[in-house]
Amino acid sequence: MKLASIVGARPQFIKLAPLSKEIRKRHHEILIDTGQHYDEEMASNFYSEFQIPKPDYSLGIGSGTHAEQTGKMLIELEKVLSQEKPDLAIVFGDTNSTLAGALSASKLGIPIAHVEAGLRSFDRSMPEEINRIVTDHLSSLLFCPNELARQNLAAEGVTEGVSVVGDIMLDALNSSLEAAKKHSKILDTLFLQKKEYQFMTCHRASNTDNEQNLRSIISAIGESGEKTVFPVHPRTMKYLESYGMKDNLPKNLIITKPLSHMDTIWLVANSRRVLTDSGGLQKEAYILGVPCITLRENTEWTDTVRVGWNILVGANKEKILRAIREFVPPAEHPDIFGPRGANVRMVSEIDRFLGSA
Ligand code: UD1
């Protein structure tokens, strides 16, 4: 059978890697890269890091407003999908590439499989929440990472084609961790000792496109005095420059370019705590046993908060500072992300769906 995997943004390359390996054992996979992320550190490096085959189609869409970016993707994806006529289109996560992939496939009558279905932050001001809801409602196969995601779908009346397969990022995390133990030099490169620093990422529209929020986050870090490694997403760098903050950042921030997944995982694993507005990092921090302070008002990964290892502080300076000084997770660290092998379970479901089992 012919399957078309559609990716474009950084976290999608991470999720694609273990699934693609499994798909290619018995299907023909066409890989389409929308080009949403185009900087070397944001995209190309992931192909070599995860040994993902080169894409069959690179659409080179790049940045733009949501409508521009999604619209251009729709036009180009329709051409490729009409020509290739895959039996199934696979989309990942919640970015504009996910939405465009799902919309263009559904208009052509191509069934869709959604990897990481059913996640909800219940915050419709996030572009990602809109992308998730629309994609889920267009998909024939909905791969949920956990039971809560299945319940979210059921509450919206989506029950057919839904399966709880576990978390695909577990597989990527484990291989990056193994590689990091052997090969990562990042602690030496940044002159860091284990557990003497905290690790931060910040790129969500709600934090970067709002000057007050970005200032509040950076000034909380400055006031905490904690050594803080901060790989800066290009979007965030653009705003730091435009707000005139780039040349006056606190001295305890260690700024780097976006890093490989291996180096990121190694920095997280050896940090005292993580501060982030990313979805994936909240999860990775938990699995690596590192407390997480989430720079958002809500999260899709509510289980990490429920078990006490993640705290939501938004962009509130006082809350961020208090969490840095006082937040201590409990001794219990239950397994909330299930067993490995989500990729194998997804391909079994795909086989059943396509009648190729
Ligand atoms: C996107 C996803 C977000 C995900 C993130 C992962 C959407 C709506 N959001 O956000 O859910 O967490 O990817 O990283 O799809 N830019 C560059 N070079 C790049 C990529 C981006 O310079 O390679 C800059 C551009 O100025 C661009 C801005 O970053 O305008 C935003 O990029 P975009 O792809 O629209 O969204 P992200 O913030 O990366």
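The values are calculated or read from the model by the stated rules, or taken from the named source; none is laboratory data. Predicted model, so just to flag it, every value in this text is computed and none were measured. Counting neighbours? That spans all protein chains shown, and the Cβs are built from the backbone with ideal geometry, glycine included. Quick note on the areas: whole protein, heavy atoms, side chains included, nothing else; ligands and nucleic acids left out. Shrake-Rupley method; radii C 1.70, N 1.55, O 1.52, S 1.80 Å.
Just need log10 I(q)/I(0) for segment 175-326 at q = 0.15, 0.21 Å⁻¹, Debye formula, equal scatterers on the alpha-carbon atoms, no solvent, rounded to two decimals.
Debye output, listed in q order: -0.73, -1.46.
For segment 1-83, which GluC sites (Glu not before Pro) pass both filters: DSSP loop (anything but H, G, I, E, B) and at most 16 other C-beta atoms within 10 Å? Kindly include the intermediate steps, with their values, before the conclusion.
On the way: sites: 22, 29, 40, 41, 49, 68, 76, 78; in loops: 40, 41.
Within segment 1-83, the qualifying GluC sites (Glu not before Pro) (loop, at most 16 other Cβ atoms within 10 Å) are 40.
In Å², and per residue, what accessible area does the chain have when probed at 1.4 Å with the other protein chains present? Mind dumping the intermediate values first?
Numbers: 14840 Å² over 357 residues.
Per residue, the chain has an accessible area of 42 Å².
Please name whichever of 184, 243, 323 sits farthest to the positive end of the charge dipole of segment 175-326, dipole taken about the Cα centre and charges placed at Cβ: Lys and Arg +1, Asp and Glu -1.
Of the listed residues, the answer is 184.
So, counting K/R as plus one and D/E as minus one, what does the shell of residues with Cβ under 14 Å around residue 131 add up to?
Numbers: positive: 120, 124, 132, 204; negative: 94, 116, 123, 128, 129, 136, 300.
Result for the local shell: -3.
How many percent of the accessible area of the chain is carbon or sulfur, using a 1.4 Å probe? All intermediate terms of the calculation are to be shown ahead of the outcome.
Working: 7580 of 14840 Å².
After summing per-atom areas, the C and S share lands at 51 percent.
Do the sum for the chain: with -39,500 (n - 2.57) for every DSSP H run of n ≥ 4, divided by all residues, what is the mean residue ellipticity at 222 nm, to the nearest 500 deg cm²/dmol?
Details: 16 runs with 164 residues, N = 357.
Helix contribution divided over all residues of the chain: -13500 deg cm²/dmol.
Can you tell me which aspartates and glutamates have their Cα less than 12 Å from the Cα of residue 257? Leave out same-chain residues fewer than eight positions away.
39, 40, 41
Measure off 7 Å from each Cα along the Cα-to-Cβ vector at residue 340 and residue 137, then give the distance between these two points in nanometres to one decimal.
If labels sit at residue 340 and residue 137, their model points lie 3.8 nm apart.
Assuming R0 = 51 Å, what is the FRET efficiency of residue 156 and residue 193, from their Cβ-Cβ distance, to the nearest 0.05? Present the calculation step by step, with values, prior to reporting the outcome.
Numbers: r = 48 Å, r/R0 = 0.94.
Efficiency at R0 = 51 Å is approximately 0.60.
Pull up all non-local amide H partners of residue 164: gap of 5 or more, or a different chain, and H-to-H distance under 5 Å with H placed in the peptide plane.
144
Is there a quick way to get the dipole size of segment 175-326? I mean about its Cα centre, with the Cβ of Lys and Arg at +1 and of Asp and Glu at -1; what is the value in debye to the nearest 20? Show your work: numbers first, answer last.
Values: 22 positive and 17 negative charges, 57 e Å.
Here the size comes out at about 280 debye.
Viscosity 0.692 mPa s, temperature 37 °C: give me the Stokes-Einstein translational D for segment 227-298 in µm²/s, with Rh taken as the Kirkwood radius over C-alpha pairs. Before the final figure, lay out each step's value.
Numbers: Rh = 13.2 Å.
This corresponds to a translational diffusion coefficient of 249 µm²/s.
What shape does segment 129-216 have by the C-alpha gyration tensor, where a ≥ b ≥ c are the square roots of the eigenvalues, rounded means a/c under 1.5, and otherwise prolate means a/b greater than b/c and oblate the rest? Write down the numbers at each step before the final one.
On the way: a/c = 3.53, a/b = 1.54, b/c = 2.29.
The shape class here is oblate.
Would you mind finding the longest exposed-site-free stretch of the chain, with exposed trypsin sites (Lys or Arg not before Pro) meaning DSSP loop and at most 16 other Cβ atoms within 10 Å?
With a cap of 16 other Cβ atoms within 10 Å, the longest stretch comes to 27-123.
When only DSSP loop residues count, what chymotrypsin sites (Phe, Trp or Tyr not before Pro) in segment 157-236 have their Cβ near at most 12 other Cβ atoms within 10 Å?
191
Suppose we look only past 24 Å in the calculated P(r) of the chain. What percent of the Cα-Cα pairs does that tail hold?
Numbers: 35415 of 63546 pairs.
Considering the chain, 56 percent of its Cα-Cα pairs are separated by more than 24 Å.
Got the relative contact order for segment 175-326 handy, in percent, Cα pairs under 8 Å and 6 or more residues apart? Display every interim value, and only then the final one.
Values: 249 pairs, mean separation 40.7, N = 152.
Rounded, it is 27 percent for segment 175-326.
How much length would be gained if the chain were fully extended between residue 322 and residue 257, taking 0.36 nm per residue of separation minus their Cα-Cα distance, in nm to one decimal? Intermediate results must be reported in sequence, preceding the final value.
Values: separation 65, 0.36 × 65 = 23.40 nm, distance 2.79 nm.
My answer for the length gained is 20.6 nm.
Quick one: what does P(r) look like for segment 68-155 with 10 Å bins over all Cα pairs, in whole %?
Over segment 68-155, the share of Cα pairs per 10 Å bin runs 19, 51, 25, 5 percent.
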